[in-house]
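First the structure, in the form of structure tokens, and then the observations on it.
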Amino acid sequence: MKFIHGVASCCSIFYFFGGMSIKGNVRVNRRIRVPQVRLVDEAGAMVGVIATNEAIQMAEERGYDLVEVAPNANPPVCRLMDFGQYKYELAKKAKEAKKKQKVIKLKEVKVRPKTDEGDLQTKCNSIRKFLGEGDKVKVSVFFRGRERAHLEIGFKVIERMKEILGEEADIEKDAAQEGNTISMILYRIRKTVK
């Protein structure tokens, strides 16, 4: 059994990258307690079904770890490999997968019931930019004090913004009142070019 920094390498894997952890119960060396295993050597060639003790001895002689890669198979499939390198490869693959993900953010554009036409045009330009970057946009019309008595003005502002944006924005959640605000959420469907 190999010891890495005072901890047996046959324990569960808990290692971190970018604030996230990868967890997995991978049995290694003497932690594998089945009588027989299907062994794959370090080159990837199938050795066959052999006794677990024999597989562990073979791994120690060659300077590798015996790692259980398919525990649900009958008998479990084990492979001769460097366990530290295996953990490194897992972390690297997970990091690459995370890098390829696109995180959609929700941006917010705030307007008032008294916002002028020119300012609405500017706000709509900002919305176009956010939608072009693949983000969703929440448009909020804020009311203060006595302005709440005239919610219809806020709905007119929202309708005017819809006209300005035209078909450049799709509506995920249409205009609705939430306390002192009227809000809607916009997004853009990627159009595929034929």
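The values are calculated or read from the model by the stated rules, or taken from the named source; none is laboratory data. The structure presented is a predicted model; accordingly, all values stated were derived computationally and were not measured. Neighbour counts are summed over all protein chains in view; Cβ atoms, including those assigned to glycine, are modelled from backbone coordinates with ideal geometry.
Overview of values
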item: Residue list for the stretch 135-161, filter: touching a residue at least 40 places away in the same chain (Cβ under 8 Å), out of contact with any strand residue (DSSP E or B) (no Cβ under 7 Å at 6 or more places or on another chain) and of a type outside the set (A, V, I, L, M, F, W, C); result: 160
item: Residue 111 surrounded by 15 or more Cβ atoms within 10 Å (Cβ to Cβ) and within 21 Å of the chain's Cα centre (by Cα); result: no
item: Verdict on residue 117 being charged (D, E, K, R) and not assigned by TED's automatic domain parsing to the domain that holds residue 143; result: no
item: Matching residues in the stretch 75-130 - criterion: being in contact with a strand residue (DSSP E or B) (Cβ under 9 Å, 6 or more places away or on another chain), in a loop (DSSP other than H, G, I, E, B) and farther than 21 Å from residue 157 by Cα; result: 75, 76, 82, 104, 105
item: Hey, residue 164 in contact with a Cys (Cβ under 8 Å, 6 or more places away or on another chain) and either outside any helix (DSSP H, G or I) or in contact (Cβ under 8 Å) with a residue 24 or more places away in the chain (or both) or not; result: yes
item: Every pair of residues 6+ apart whose Cβ atoms lie under 7 Å, when the first sits in the stretch 52-71 and is touching a residue at least 24 places away in the same chain (Cβ under 8 Å) and over 14 Å from residue 33 (Cβ atoms) while the second is part of a helix (DSSP H, G or I) and aliphatic (A, V, I, L, M); result: 65/59
